[in-house]
Amino acid sequence: MKKLAISMICTAAALCAATAAHAADWSDTSIGYRYGTKFAEPYEGNDIKKNILSLTHVSGFKYGTNFFTLDMLMSDKNDPSGVDAKSGAQEVYIVYRNTLDFEKMSGTSFKSTGIRGYGLTWGFDYNTKSDAGYNSKKRMLVLGPTVNFDVPGFLNASLLLLRESNAPCNDYTSTCVSRYTYKTHPMLALAWGIPLGAGFSFEGFANFIASKGKDEFGGNTKAETDIDMQVMYDITGKNTFKVGVEYQYWKNKFGNDAGGAAGPGATAKTPMVRAEYHF
């Protein structure tokens, strides 16, 4: 799976570069690496080390913007790849968002005090993970309005409806579940990239996700708070190579109750180091 994921990142990078060269008004593509020792997984605990390789592409086109990211997450043995395994789990997680800009589509300005514009965002999340306890196969569609605030850099807020399903398989109990669709539920999603001066920037996202009803085993899910933010420094001054520190806070991860059987692993409090090469 590791070789496959690296191959996927290289292929996706080539496709992003080709797309940017032919269709985009502007684009930014980056390959990144981050590392932390306090990742958490429900039922597994919160002292998991992970190395994460990523490919991210952002671009603008005639009618709006595209955002794509592919993460390859490699855990240590505290998030095992199988029952009694000494190796860690591996996961591929893909996010795609397309925002249609109302001003670009209509030719009419919607700017007002504090507001740069409005749009409609749609897209999907996709993941596959090889681990002992869940083996997630998440599929999720998103749709909803977006507000683009008038700030240095950017700050977007979207109110999205989520249609999510999964088909987990527990290696400990040899229990597999056919694809199960949760209750459609809303998410308030914030994304930002704010220049701080002297080569520094404050970047990240925050997702506030409502309960998605019953899980695939009949239990109640909980509302989630997922905040991931970083301070980055542009070493070259040309937005080519950036390094920084990152922090993630994720309560009730994947809808699991942090105060219930999922234990402390349902709340992540994870500092990381991060590096990015942009091209």
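Observations
- In a simple Cβ point-charge model (Lys, Arg +1; Asp, Glu -1; nothing else charged), the range 98-191 has a dipole of about 200 debye relative to its Cα centre.
- Listed residues 267, 177, 211: farthest to the positive end of the dipole of the chain (Cβ charges): 177
- Potential lengthening between residue 47 and residue 33 on full extension [0.36 nm per residue; Cα-Cα distance subtracted]: 3.1 nm
- Projecting label points 7 angstrom from Cα along Cα→Cβ for residue 109 and residue 141 puts them 3.7 nm apart.
- Linear extension gain, residue 277 paired with residue 206, 0.36 nm per residue minus alpha-carbon span: 23.2 nm
- Degrees separating the helix 2-23 axis from the principal Cα axis of the chain, which is the longest one: 20 degrees
- Multiplying the residue separation of residue 188 and residue 25 by 0.36 nm and subtracting their alpha-carbon distance yields 55.9 nm.
- Stokes-Einstein D in µm²/s, Kirkwood radius over Cα pairs - the range 2-278 at 20 °C with 1.002 mPa s viscosity: 108 µm²/s
- In the chain the longest region clear of trypsin sites (Lys or Arg not before Pro) that are loop-assigned by DSSP and have at most 10 other C-beta atoms within 10 Å covers 87-237.
- In the range 146-229, the convex hull through the Cα atoms has an average projected area of 7.5 nm², a quarter of its surface area.
- R0 of 25 Å, Cβ-Cβ distance residue 128-residue 150: FRET efficiency to nearest 0.05: 0.05
No value in this document is a laboratory result; all are computed from the given coordinates. Computed from a predicted model, the values in this text were never measured in an experiment. All Cβ positions, even for glycine, are placed from backbone atoms using ideal geometry, and neighbour counts span all protein chains on display.
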